[in-house]
1. Is it true that R25 is basic (K, R) and in contact with a Phe, Trp or Tyr (Cβ under 9 Å, 6 or more places away or on another chain)?
2. What's the total number of residues in the range 238-254 that are surrounded by fewer than 18 Cβ atoms within 10 Å (Cβ to Cβ) and farther than 21 Å from F203 by Cα?
3. Those residues that are surrounded by fewer than 20 Cβ atoms within 10 Å (Cβ to Cβ) and either modelled with pLDDT of 95 or more or in contact with a Ser or Thr (Cβ under 8 Å, 6 or more places away or on another chain) (or both), I need them from the range 207-230; list them, please.
4. Please state which of the following conditions G178 fails to meet, knowing it meets all the rest: (1) touching a residue at least 40 places away in the same chain (Cβ under 8 Å); (2) surrounded by 18 or more Cβ atoms within 10 Å (Cβ to Cβ).
5. Go through the residues of the range 187-205 one by one and say whether even a single one is buried (at least 17 other Cβ atoms within 10 Å of the Cβ), touching a helix residue (DSSP H, G or I) at 6+ places or on another chain (Cβ under 8 Å) and in a strand (DSSP E or B).
6. With (1) farther than 17 Å from T182 by Cβ; (2) touching an Asp or Glu at 6+ places or on another chain (Cβ under 7 Å); (3) buried (at least 16 other Cβ atoms within 10 Å of the Cβ) as the list, and A77 as the residue in question, which single condition is left unmet?
7. List every residue pair whose Cβ atoms sit under 7 Å apart, with the two residues 6 or more apart in sequence or on different chains, where the first one lies in the range 222-238 and is free of Cβ contacts under 8 Å to residues at least 40 places away in the same chain and under 16 Å from R172 (Cα atoms) and the second, anywhere, is among the acidic types (D, E) and assigned to a loop (DSSP other than H, G, I, E, B).
Amino acid sequence: MSTSQAEAFYEREADDRFLPTAYTRGPWDAGSQHAGPPAALLALAVGQRPGARSDTRVVRLTYEIMRPVPVRPLTVATRVLRAGRNVELVEAVLTPDGGREAMRATALLMKTVPDSVPQVSPGRQVPGPSTAPPAAFFPVPWEQGYHTAMDVRFAAGSFLEPGPATAWMRMRVPLVAGEEITPLSRALTAADSGNGVSAELDFSRYVFVNADLTVGLHRHPVGEWVCLDARTMVDGAGVGLAEAALHDEKGPLGRSTQSLYVAARR
């Protein structure tokens with residue numbers, strides 16, 4: 001397993017090639033990444049692709065998680081599926097060295113014209129991060145990973161308390177070493193944690209793994225903090241859905257959903 005030692009989730013080796021650090025490790029397998037950093041990396045590739053327009057903005061991202069993303073060097077490729085005057089559809093694919101495609105994103109982008117229509121958006125609807133105490137992740141058996149790269153504060157609930165939760169999250173390290181964190185990266189690095197913060201079942205007795213992630217945004221986040229006001233629903237047949245209202249300190253900015261495979265641990 002080859003990893004970078006940079007103080008970031010990834011180090012860029014080429015325009016389309018990235019070396020992950022130990023900060024990308026998820027809480028379940030030291031050899032697999034949490035899906036948040038790869039999700040943000042795919043969105044970054046969409047925004048940095050050749051020919052990307054400055055007058056469009058990502059409004060929806062749908063991720064298919066084919067298999068766990070290993071902590072190995074990654075290549076990201078993009079292609080334009082639809083190039084319209086007002087709407088674009090772009091695909092980004094992530095492939096680890098020596099492996100098969102691990103994650104795919106379809107991004108919907110729309111043309112934006114500032115101050116062209118009335119703004120309709122509510123103000124803050126959840127307590128801010130300054131009102132919430134810092135919170136530790138549930139116990140993780142390795143020292144460095146996603147759990148140490150993210151600052152987490154719960155305004156309601158906790159990792160170890162089942163049920164809905166309101167969690168503020170902030171990146172402690174950049175997505176890519178030496179590069180400024182984009183507003184979209186902040187939202188996507190946090191968004192895949194919805195099913196974790198709002199878990200309804202005991203981690204030690206059940207698995208509830210998301211096979212996808214969909215994030216819709218009516219505006220870009222502002223500031224460093226992103227909030228997941230999350231809840232999880234589970235059917236007795238072994239299927240679940242986690243959904244989260246996404247906020248920043250200004251107010252609501254979008255929603256995320258995750259389809260869950262739920263089963264008893266063997």
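1. Judged against the criteria, R25 is a match.
2. 3
3. Listed by number, the residues that qualify are A211, D212, T214, G216, H218, R219, E224.
4. (2)
5. No, the conditions are met nowhere in the range 187-205.
6. Condition (3) is where A77 drops out.
7. Within 7 Å, the pairs are G223/E249.
Every residue, every condition in (1) at pLDDT 95 or above; (2) surrounded by fewer than 22 Cβ atoms within 10 Å (Cβ to Cβ); (3) part of a loop (DSSP other than H, G, I, E, B), yes or no:
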position	(1), (2), (3)
P20	yes, no, no
P27	no, yes, yes
P50	no, yes, yes
R82	yes, yes, no
L94	yes, no, no
A107	yes, no, no
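The values are calculated or read from the model by the stated rules, or taken from the named source; none is laboratory data. The shown structure was predicted, so the numbers you read here are calculated from the model rather than taken from an experiment. Neighbour counts are summed over all protein chains in view; Cβ atoms, including those assigned to glycine, are modelled from backbone coordinates with ideal geometry.
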